[in-house]
């Protein structure tokens, strides 16, 4: 019998003891306390001064636009949340209770993901004016404190809701909790993917349009109120980098927990169902410490130094806490552990768990340092990109691509080393090895509260600078502080993207382990055995052509998904460019300050296009595994997942870091280097930045939920794929029919997206005078 036979086919076979139930209940209480800490931070942020009346007016326009977008997005996605639970009821499970629980917690996971995104966006749109006001009246320390603690609220909601959801499932369902958690993770991942893609398209369409017309064509500042795309740009920062990324990190948290709990039962029995909850509970405590520790000191190079201190303090305390929890809870041998091969009895569960979790914490720290090196303005890679811009936009783009490709290799090697190191801890047992990989993911999650805080810091500081400039009340000292914080925010966003993809790979690897066991169990239920020589599930021996085809398709889907997302930004940005150009051409009073731009028109374009465009990549993510699994069989489906993970980690890091390097190269020039603002070098860096925008904020981060959605869909359909592929219930016509239908839908949505015309007509850019200054214009 497979090690997880009891898990997948007969329940876990575990009735949690009183002590175990008490610990899980304690975890739920800690999760609830995290939400209370979030409430405290909300009060502190909102107690700060919102700034002048003009700053508040601009801030309210951003708030209204962001809230309107999210309302329309949630209405668009409501159909998926309603329909998919009924589809899940048709898929196999241990009993009716598990089926119902899986569907119910799919909805819960989706709602929690939406809630994290909404909370992050809602507070960020109120903190931006407060950060700007603090920078101009109280200095850098106060501005960093407000922006980072705004992110702390999102971080506490992420860890609180993720841990609470998992703990409640374990308390309520116990025996079938791992199967119910599949629904919880799938709901969180699917909604996060849609929010990440939709928000990314919105924010980068506005950003690219604003930069190309405003900076390059009209020669006006980035957040000049005469640019009709400025409000949409600031709205986009919130719906993309706050709502979208917060939901993304929440689903990373939830899915990693799901993978750890599924594999933990087969590896450590009852302790395997409890221990993966204890580690993130430690992370809740250390996240609070890290968030409150972020405070700039005299002598710091930038706000990044304070943020790094908070992160590494959190990581060190997490490591200490993990060791303490492991020593107190886990035994030193496997005597009496259920369902393990005899070869594993000589291992030390305590050493395995501590080592695996520490690998995850070390990986987070290493990704933090590596990504910072490739994206910080003070480091050589960004300076090289800026210097390359001396010879024009082509060399700027080439340098940025080179930085992204190189950094992807190092990041992939780091992640690969972490996965392999955790795997070696299994001492010959695949079950223990995969659980160790999942534990490495939970170790990385101990820092996620601070990581989310770092991510939200980026858009808050970006909005703060924009609002200060649009209000016309930004003084020189305050402007310098906000410019510095904006550059730091670009780095923190790049770092969180790097850590998010590392989490995605660890979670996907662990989920793949669950997939292999699910297929093995399904083969036993169908009365069939895998072909000799093809391994347990027959999906990883690429000597077989069908498996090799699956591997190639898996990597190809990542490329196609990225291309669809980038093209969607291009089409939407084209419409924004035409709208802003048209307003400058037909309403000359905009440039003289006698007439206001129509900000609402651009917000509406971005909203409509982003919601329409997100359907295509979302459909690909859900239906591609179905097409491969039912069309080619379970061995190619296993290889498909392997190809997606390999291609995804490289593509995601490449896109995120090249985009971050381009953005900060532009910031470096705007600080007065290589000719400063208005120079030809500046124009070249702006073009590079617009190329990097959809890389780093749309396609790159969207790959994280893509990997987990495809893994979870494969995990859910695997028993049905096996049932119709082998054994007495083989039904080739039905299987092929499902695959053809899935392929037909994918082709249809891609064809429709290709037919959308981004720029039907338009006129060449018209030069306009750049006076009066923004300070003379009422927003």
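Can you figure out the FRET efficiency of residue 384 with residue 413, using R₀ = 30 Å and their beta-carbon distance, to the nearest 0.05? Don't jump to the answer; show the numbers that get you there.
On the way: r = 21 Å, r/R0 = 0.71.
Approximately 0.90, to the nearest 0.05.
Over segment 180-301, what relative contact order in percent results from Cα pairs under 8 Å that are six or more residues apart? Before the final figure, lay out each step's value.
Details: 107 pairs, mean separation 34.8, N = 122.
The value is 29 percent.
Let me check against my output: what whole-number percent is the relative contact order of segment 644-757, with C-alpha pairs under 8 Å and at least 6 apart?
On the way: 76 pairs, mean separation 27.7, N = 114.
Answer for segment 644-757 is 24 percent.
Could you give the length gained on full extension between residue 292 and residue 115, defined as 0.36 nm per residue of separation minus the Cα-Cα distance, in nm?
61.4 nm
Which Rg and Dmax, in Å, describe the Cα atoms of segment 5-760?
Final numbers for Rg and Dmax: 25.0, 82 Å.
Calculated FRET efficiency, residue 44 and residue 86, Cβ-Cβ r, R0 45 Å, to nearest 0.05? Could you put the intermediate results ahead of the total?
On the way: r = 43 Å, r/R0 = 0.96.
For R0 = 45 Å, the calculated efficiency reads 0.55.
Using alpha carbons only, how many degrees (0 to 90, rounded to 10) separate the axis of helix 430-445 from the longest principal axis of the chain?
30 degrees
What does the extension gain come out to for residue 57 and residue 596, with contour length at 0.36 nm per residue minus their alpha carbon separation? Walk me through the numbers before you get to the answer.
Working: separation 539, 0.36 × 539 = 194.04 nm, distance 1.42 nm.
Residue separation times 0.36 nm, minus the Cα-Cα distance, leaves 192.6 nm.
Length gain on complete extension for the stretch residue 405 to residue 730, per 0.36 nm per residue less the alpha carbon to alpha carbon distance? Before the final figure, lay out the partial values.
On the way: separation 325, 0.36 × 325 = 117.00 nm, distance 4.50 nm.
Contour length minus Cα-Cα distance gives 112.5 nm.
Along the Cα→Cβ direction, 7 angstrom out, place labels at residue 745 and residue 25. What is the inter-label distance in nm?
Each label point lies 7 Å from its Cα, and together they span 4.3 nm.
For the chain, find the longest principal axis of its Cα atoms and tell me its angle to the long axis of helix 270-293, 0 to 90°, nearest 10.
Taking the Cα atoms of the chain, the angle to 270-293 is about 20 degrees.
Given Cα pairs under 8 Å that are at least 6 residues apart, what percent is the relative contact order of segment 5-760?
Result for segment 5-760 is 20 percent.
If each residue's Cβ is checked for other Cβ atoms within 10 Å, how do 484, 252, 679 rank with the fewest at the top?
Numbers: 484 23, 252 32, 679 15.
Final ranking by Cβ density, sparse to dense: 679, 484, 252.
Would you mind putting 612-621, 236-245, 460-469 in packing order, based on average other-beta-carbon counts within 10 Å, highest first? Spell out each step's value before the answer.
Details: 612-621: 22.9, 236-245: 31.5, 460-469: 29.8.
Top to bottom by mean Cβ count within 10 Å: 236-245, 460-469, 612-621.
Roughly how tilted is helix 476-525, in degrees to the nearest 10 and between 0 and 90, from the longest Cα axis of the chain?
20 degrees
Which value at 222 nm does the chain reach when only helices count, each DSSP H run of 4 or more adding -39,500 (n - 2.57), with the total divided by all residues and rounded to the nearest 500 deg cm²/dmol? List each step's numbers first, then the result.
Details: 24 runs with 603 residues, N = 779.
Computed ellipticity for the chain at 222 nm equals -27500 deg cm²/dmol.
Order of 217, 64 from fewest to most other C-beta atoms within 10 Å?
Working: 217 18, 64 15.
Starting with the residue having the fewest Cβ neighbours, the order is 64, 217.
Please label the shape of segment 274-418 as rounded, prolate or oblate, based on the square roots a ≥ b ≥ c of the eigenvalues of the alpha-carbon gyration tensor (a/c under 1.5 means rounded; beyond that, a/b larger than b/c means prolate, else oblate). Walk me through the numbers on the way to the answer.
Values: a/c = 4.64, a/b = 1.84, b/c = 2.52.
Here segment 274-418 falls in the oblate category.
Just to verify a number: FRET efficiency for residue 671 and residue 559, C-beta to C-beta distance, R0 = 35 Å, to 0.05? The partial results should precede the final answer.
Working: r = 36 Å, r/R0 = 1.02.
With R0 = 35 Å, the Cβ-Cβ based efficiency is 0.50.
What ranking, highest mean first, results for peptides 562-568, 318-324 when packing means the other Cβ atoms within 10 Å averaged over each residue? Don't skip to the answer; put the middle values down first.
Working: 562-568: 22.7, 318-324: 19.6.
Averaged packing, sorted descending, gives the order 562-568, 318-324.
Sticking to Cα atoms, compute the Rg of segment 138-258 to one decimal and its Dmax as the biggest Cα-Cα distance, whole number, in Å.
19.3, 64
When a/c reaches 1.5 or more, the comparison of a/b and b/c decides; with that in mind, is segment 662-757 rounded, prolate or oblate per its Cα gyration tensor?
Working: a/c = 7.83, a/b = 2.96, b/c = 2.65.
It is prolate, given that a/c is not under 1.5 and a/b is the larger ratio.
Taken together, the values in this text are just the output of simple stated rules run on the coordinates, not laboratory data. No experiment lies behind these values; they were computed from the predicted model shown. Here the Cβ is made from the backbone with ideal geometry for all residues, glycine too, and neighbour counts use every protein chain on show.
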